[in-house]
Amino acid sequence: MASRNESNRSRDLWRSCLAAALKTALACTIVGCITLYAPKAIKREIAFPAFSYVTVILIVTDATLGDTLRGCWLAFYASFQGVFPAILSLWLIGPSRLTTSTTAAMVAVSAFLVVLPENTHLISKRIALGQIVIVYVIGFVNGMHTEPVMHPIRVAASTALGVVACVLALLFPYPSLACREVTENFKLFSDNVSERLKLIVKAFLAEDNKLRQALISQEKSLSVPGNKLLQSIKSKQESMQWERFIVMFFKSYCTNPGERLQDLERILRGMEISLTNCSQIPVRLADPQLEDEPTNSLEEHISNQIKRMPPLMTIIPESQTENDVKFLQKLHTIIPVTDKDLPILFFLFCLKLLQGKSAATTPNVSAKHGPNDSEKQKKSYFGNICSTPIRINKRRLMPAFKSSLSLGFAVLLGLMYSKENGFWAGLPVAISLTSGREATFKIANAKAQGTVIGTVYGVICCFIFGKYIKLRFLSLLPWFIFSKFLCKSKMYGQAGGISAVIGAVLILGRENFGPPREFAIARIVETFIGLSCSIMVDVLLQPTRAATMAKIQLSTVLGTLHKCVGMISLCTSTISNFEEGQKKLKFQVNELGKFIGEAAAEPNFWFLPFHSACYGKLLDSLSKMVDFLLFGAQAIKLLEQESRRFDSKHWKETVSKLDGDLELFKESVVSAIKCLEEISMIKSLAALDKEFEMRKGSLDLELGKRIPIDPYVVQVSSSNEADWTVKNVNSFLRHSDELLSHINIEKDEEDLKNQVILSLSALAFCMNNIARETKEIEKVIKEVVQWENPSSQVNLYDILCKIHATTNTVTI
C-alpha cells in the first residue's frame, strides 16, 4: 500500500511539473518568436524582451486560466501604477537631467508609493516595481536619446507581450481551468478521505494495540498527501472566481469546497486523537447486534458519507440516509458515561459531525442557499475587478520604506558598478518583493544560487548550440522541468526555482546582447549587489530576529488562549464572542508557525541556536488546543439546539451545575496558561535573579505578603499532575448523567438523548485534552527556558515567584 501511494505521488509530481514546464516553455517560445522574428516595426515597440520573459515567469508559474486572466488585470493595474506616473516624471524632469543619485532616488520614491497600499496584489506590485526600474535606469543610460512618453510605453508593451503569451499558452491545446483542477483534486481527496476513514474505523475496532498503532500510523502517512490536496483546492478559490463567467456551463464546478473540506480534515484529526487516547481494546459497542459485524456496518456508513460529498453530486436515496441515522442511534447508547468512555464517545461525536458535514453539502441543501451565495460571489467578483480602492495602513509604512531603500540602494550601487547593466541589480529585488517577513539569508542564498546555476546553464547551451536559436529554445524545456522540481524542493523553494528559470531564459531567449560570458558575469555580479542591498536593509530595519519574534508570538498566543478558554460556557449568549476568539487564536497560531519556520532557517551567527524541536512541539500542542476549542464550541451549539425540546426547569438547574464544573476547570487551566505566558517572556534568568536580589531587602518573603502567587502553580509543579483534571471531569460527568436522567422522551426521539450524550461527552473529552495539552506546554516551556539558560537550575515555581516579587518584570 505504501509503495503504491509513493509511486502515485511520484507520478502526479512528474505530471504536474511536466505540464507546468510545457506551459512556461510555450509562453516563452511565443515571446521569443515575436521578439526575434516579428517585423521591425513590432520589434521596435517591444524594446525590452527581457521584461517580457520576467512577466511570463511571474504570471504563468503553476497558473490556470483564471490565474492568467487575473494576471492580465494585475499587469494593467501595475502599468497604471508604474508606467503612467513615470511618463509624467520623465516629462517634467527630462531624461538628460537624470544622474545616478537622482535615478536611484526616483526609483526609491516610486517604489514607496507602489508598495504602500495595503490591498494591491503582490504580483501587481512586482510587475510595477520591475517597470519602474527599467523605465528610470534605461532612461538614465540612454540620456537625451530617451523619449519621455514612448520609452515608458514600450516598457508597458513589453509587459503586455508577456501577458498575451501567458493567455495563449494557457489556452493551448485546451484551457487549463482551475475548475477542472479542483474537481480532479477533489476526487483524489475523496479517495484519500475514504481510505483514511476505513483505516480509522479498523483501528477503532482493532483486537490488539499493535494492530491499532499500525493502522493509525498508516492513516497518518496518508494524511500528508491529503493535506497537500486540500491546500491545492483552497488555493484555487480566487482563480475560480475569475473563470466563473467564462465557464458558466460548468455550473457544478463553480464552487470551491475548500473550507468545507477543511472541516472534514479537522474531524479526521479528532477521530485520530480519540483513537490515541482510547484504552479499550477491543472496543465493545453498546448494541449487541452491532457487535456481530461492526466493521461492515461502519464501512458501509462511511461509503455513504463519501458519496454525498461534492462535487460528485451523487444523491443518496432517503432510505439509506435513514438507515445511517438509525445506525448511529444504536451505536451511542452508553449510559452512565465514565472517563474511559470519553474517547469512544468523542469518536462517535466526530462521526456524527461527519454525517452533518456530508449532508450539508448535498445538492438539495446547496439549492436552498444557492442564489444568495451566487449573488455574493458575483458582487465579490465585480468588486475585485471594477473597484480597487487604495487603502493606506500605518503598518505598511515600514515594509514600504524597506522596499524603497532596498531598491534605491540596489539601483545606486548597480549603476556605480556598471552603467549599462545597472538595472540587473534592481530587477531581482523588484520581482522578489514579499508580502511579509521571510527568512532573509536563506531566501537570498536560494536566489543567488538559482541565478548562478541558471546563468551557467544558459552560457553552456549558448556554447554548445552557437547561433542556432531554435535549438537554444529547445534546450530550455528540460531546464523548465528541472526548475519546477527546484521550486518544490526544500533547498531552493519558489525563490530559487524562479531565479534559475529567469537566469537561463534571459541568456537563451535573446540575441545581439554581446558575448554570453560577459553578460553572465555582469548579471551575476549585479544580482549579488541587489541581494546584498536587500539583506543589508532587512538587517538594519528589521533587527528583531525571527527566534525573538517566535518567542513574542508564543506569549501572544498564550494570552489569547487563556481568554478563549475563559469564554467556554454553556450560556449561549457568549458563543459569538467565543467563536471570534477562536478565529483570532487560529490566526495567531498560524503566524507562530511562520515565525518558527523562519527562525529554523535563520543562521545562528553569534546568537544562541533556535530550539526548533521544542517550538515544533509547542506548535503541535497549540494546534490541537485550537481544534479542541472548535469541537467544544460545536458541542455547545448542538446542546443549545437540543435544549429547546427539554423541560426548562430541570435543564436550567443542571446546566448551572455543569457551568460550575466548567468554571473550576477554567480557573485551573486559565491560571496555568497565564503563568506560562509570564514565564515564556523571560529574557534571562540571570537578569531576573539580579533584579530579584536588588529588591530582596524590601520583600517579606516568609510571610509572602508582597508575592501574589496563584496556588495553581504549586499544583502544576507537583508530581500528581492530573488529579485536579480527573476531579473536574468526573464531576462534570456526574452532572451530565443527572441531566440525562431527567430527559423523558418517546422512543422515536431517542436520537435527541443520544445527541445530548455525545455533545456532553465530547465537551468533557475536549476539557480533558485541553488540560493535558496545557501540561505538555508547561513541560516544553520548561525545556526552552533550560535551553536558553543552560547554567541555571530551572524551577518554574521559583521563577514565577521572582517575577511576581519584582516590580519591573525582566522581559523582552
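Side notes on the structure shown:
- Count of residues meeting criterion [in contact with a Ser or Thr (Cβ under 6 Å, 6 or more places away or on another chain) and within 27 Å of F347 (Cβ to Cβ)] in region 165-216: 1
- Checked against the criterion of being touching a Pro at 6+ places or on another chain (Cβ under 8 Å) and either surrounded by fewer than 20 Cβ atoms within 10 Å (Cβ to Cβ) or in the same structural domain as V525 (by TED's automatic domain parsing) (or both), region 463-480 has at least one qualifying residue.
- Restricting region 224-256 to residues that are among the basic types (K, R) and modelled with pLDDT of 80 or more, the residue that is surrounded by the most Cβ atoms within 10 Å (Cβ to Cβ): K236
Conditions (1) modelled with pLDDT under 70; (2) more than 25 Å from Q634 (Cβ to Cβ); (3) in a helix (DSSP H, G or I), marked per residue:
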{"residue": "K696", "(1), (2), (3)": "yes, yes, yes"}
{"residue": "I709", "(1), (2), (3)": "yes, yes, no"}
{"residue": "N728", "(1), (2), (3)": "no, no, yes"}
{"residue": "N744", "(1), (2), (3)": "yes, yes, no"}
{"residue": "E750", "(1), (2), (3)": "yes, no, yes"}
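- Taking region 28-48 as the range and being within 23 Å of P152 (Cβ to Cβ), surrounded by fewer than 21 Cβ atoms within 10 Å (Cβ to Cβ) and not charged (D, E, K, R) as the test, the residues that pass are I34, A38, P39, A41, I42, A47.
- Only listed residue being closer than 19 Å to I153 by Cα, in a helix (DSSP H, G or I) and in contact (Cβ under 8 Å) with a residue 40 or more places away in the chain, chosen from F80, F51: F51
- A residue that is free of Cβ contacts under 8 Å to residues at least 24 places away in the same chain, charged (D, E, K, R) and assigned to a helix (DSSP H, G or I) occurs somewhere in region 614-625.
To keep it simple, each residue is scored yes or no on (1) in contact with a Pro (Cβ under 6 Å, 6 or more places away or on another chain); (2) of a type outside the set (A, V, I, L, M, F, W, C); (3) at pLDDT 80 or above; (4) assigned to a helix (DSSP H, G or I).
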| position | (1), (2), (3), (4) |
| --- | --- |
| Y174 | no, yes, no, no |
| C179 | no, no, yes, yes |
| E184 | no, yes, yes, yes |
| L188 | no, no, yes, yes |
| L199 | no, no, yes, yes |
| K202 | no, yes, yes, yes |
| Q213 | no, yes, yes, yes |
| Q218 | no, yes, yes, yes |
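- Checked against the criterion of being in a helix (DSSP H, G or I), modelled with pLDDT of 85 or more, in the same structural domain as L558 (by TED's automatic domain parsing) and exposed (fewer than 15 other Cβ atoms within 10 Å of the Cβ), region 638-661 has no qualifying residue.
- Some residue of region 534-552 being more than 23 Å from the chain's Cα centre (by Cα) and buried (at least 22 other Cβ atoms within 10 Å of the Cβ): yes
- Any hit, region 149-165, residues being basic (K, R) and over 27 Å from D62 (Cβ atoms): yes
- Test: residue in region 427-445 that is surrounded by fewer than 18 Cβ atoms within 10 Å (Cβ to Cβ), closer than 22 Å to V505 by Cα and not assigned by TED's automatic domain parsing to the domain that holds A601: no
- Of the residues making up region 546-582, those that are closer than 17 Å to E773 by Cα and not hydrophobic (A, V, I, L, M, F, W, C) are S555, G559, T560, H562, K563, G566, Q582.
The values are calculated or read from the model by the stated rules, or taken from the named source; none is laboratory data. In this text, all values refer to a predicted model and were calculated from it rather than measured experimentally. Note: ideal-geometry Cβ built from the backbone for every residue, glycine included; neighbour counts use all protein chains shown.
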